Amino acid sequence: MANGTPQTPAPPPRRPPPPPPAQPVSIVGIYVPFYDEDIIANAVQRNTYGLWTGGSGSLTAFYTSSTQSGSTGKYYYDVYNIDPSASTSEKQFAVAYGHIDGGGYTSSVYGDYPTKAIYYQYRNTLLDPSDTYFTFAGSYNSNDIFVINFQRSRYKQKIDPGNWELTLTGASGSFHFIDDSNGIDDTTATIASVYSIVSGSLDVANATSSIKTAATAEPSGGVGLFYPARGIMVFNPRALVDKIGAPLTTGSATECFSTSSIYSTDNARLFLSTFQSGSSFYARSEESVNSTHYFCRAKNKANNFSTNPSFYTSSGYFRHRSMNYDPQVYITTVGLYNEGNELVAVAKLSQPYLKNFEREALIKVKLDF
């Protein structure tokens, strides 16, 4: 008491308001349906790759194995990028010579006709059953063929048409060969697609080619046939003899090295020698990838909860009260389900993405076929 004035007692301290009741976790929106605008199907992307070892588009050295001559040499020769005795050498392609009557190779074994086997093998593989001969442009039926068969692991879907150039060299000079697919849309090419091999040049920088001599203008028929999806090139020996000269003029010139029976010339190796003199084979493979794009949309009010046991208590409440009315989750994975809610594909994000009621997410999932 001071100055005789009674003093009012102080009010009791206020208690903090009780916390809001814990908010039950709502597992809503785990499965979100796709609508037409969320899916882009059948998107085709065309990719090309260097055909040779290491993804290189240019091959300038051509090696064979000295041990192959005594084994498969009478049928074909494998060609390597470096000396095959080196552990890092890899096969690039094979060369072969075939003759419909077995000409062009001498064998001490009666009935052994390796060149005949080669001709019939490729005839059965590449031609219709009714075709007896390889027919080049100008309706020229050839009794014999040179073949380049690319290592299957080198080309994806096919050799890229219009994007290769082979240089062959002989006594008459160096000649550049391409195919006549320039300007042709080859996206619908099938396993049976075939183009003519012609004289011409390739502009590597712009991936365009220029034909010098059309296939039908060759005096001895077209230079060859190119089967991109099979990774095979078949050459007309008669046309190459006329253009290149030696070493291909060894033996009879009326029909490459053989008019009737058997010559002892190793024709496949003679053909390969024109590569080694030319020292240039540029080529690329091609692959068309079909893709489907799924746009997965996580809107602000969806996908803000988790089924992870650490997220909630056994009573169904948030384990951490700080998440009441403001849950914080991180999207790490997107799963694609079929109509029976069976998981058919999974996509992982490069890093977790924070998601809450104030954030939305648009995640594009790309499936390649």
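The values are calculated or read from the model by the stated rules, or taken from the named source; none is laboratory data. This is a predicted model, so every value here is computed, not measured. So basically every Cβ, Gly included, is an ideal-geometry build from the backbone, and we count neighbours across all protein chains shown.
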Checklist entry - Is it true that G221 is at pLDDT below 85, more than 18 Å from T169 (Cα to Cα) and touching a Gly at 6+ places or on another chain (Cβ under 6 Å)? => result yes
Item to check | Complete set of residues in segment 281-317 that are under 20 Å from L354 (Cβ atoms), surrounded by fewer than 19 Cβ atoms within 10 Å (Cβ to Cβ) and not charged (D, E, K, R) | outcome: F295, C296, N300, A302, S306, T307, N308, S310, F311
Checklist outcome for this item: Inside segment 38-78, the number of residues satisfying the requirement of being touching a residue at least 40 places away in the same chain (Cβ under 8 Å) and more than 29 Å from the chain's Cα centre (by Cα) is 2
Checklist outcome for this item: Of the residues in segment 330-366, those that are more than 16 Å from Y294 (Cα to Cα) and either part of a loop (DSSP other than H, G, I, E, B) or modelled with pLDDT under 90 (or both) come to G340, N341, E342, N356, F357, E358, R359, E360
Checklist outcome for this item: Scanning segment 188-212 for residues that are buried (at least 16 other Cβ atoms within 10 Å of the Cβ) and part of a strand (DSSP E or B) gives Y195, S196, I197, V198, S199, G200, L202, S209, I211
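Results for (1) buried (at least 16 other Cβ atoms within 10 Å of the Cβ); (2) of a type in the set (S, T, Y); (3) at pLDDT below 90; (4) more than 18 Å from G224 (Cβ to Cβ), shown as yes or no for each residue.
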| residue | (1), (2), (3), (4) |
| --- | --- |
| S85 | no, yes, yes, yes |
| G111 | no, no, yes, yes |
| I118 | yes, no, no, no |
| R123 | yes, no, no, no |
| T132 | no, yes, no, yes |
| K156 | yes, no, yes, yes |
Next on the checklist: Checking the structure you have, find out if any residue of segment 267-287 is more than 30 Å from L166 (Cβ to Cβ), without any contact (Cβ under 8 Å) to a residue 60 or more places away in the chain and either in contact with a Cys (Cβ under 8 Å, 6 or more places away or on another chain) or assigned by TED's automatic domain parsing to the domain that holds S174 (or both).
Outcome noted: no
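Listed here are the residues, each with its yes/no results for (1) surrounded by 10 or more Cβ atoms within 10 Å (Cβ to Cβ); (2) under 34 Å from the mean Cα position of the chain (by Cα).
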site: M323; (1), (2): yes, no
site: D326; (1), (2): yes, no
site: Y330; (1), (2): yes, no
site: N338; (1), (2): no, yes
site: L343; (1), (2): no, yes
site: V346; (1), (2): yes, yes
site: Q351; (1), (2): no, yes
site: N356; (1), (2): yes, no
site: A361; (1), (2): yes, yes
Next on the checklist: Tally up the residues in segment 174-200 that are modelled with pLDDT of 90 or more and over 15 Å from G222 (Cα atoms), please.
Outcome noted: 1
Checklist entry - How do the strands (runs of 3 or more DSSP E) wholly within segment 81-161 filter down when requiring 2 or more residues that are out of contact with any Ser or Thr (no Cβ under 8 Å at 6 or more places or on another chain): which remain? => result 91-99, 144-150
Checklist entry - In segment 41-60, how many residues are of a type in the set (A, V, I, L, M) and surrounded by 14 or more Cβ atoms within 10 Å (Cβ to Cβ)? => result 2
Checklist entry - Out of segment 281-316, which residues are touching a Lys or Arg at 6+ places or on another chain (Cβ under 6 Å), modelled with pLDDT under 85 and of a type in the set (G, A, S)? => result S288
Checklist outcome for this item: Restricting attention to segment 257-280, the residues that are out of contact with any helix residue (DSSP H, G or I) (no Cβ under 7 Å at 6 or more places or on another chain), β-branched (V, I, T) and modelled with pLDDT of 65 or more number exactly 1
Checklist entry - In segment 79-92, is there at least one residue being closer than 21 Å to W164 by Cα, touching a Leu at 6+ places or on another chain (Cβ under 7 Å) and free of Cβ contacts under 8 Å to residues at least 40 places away in the same chain? => result yes
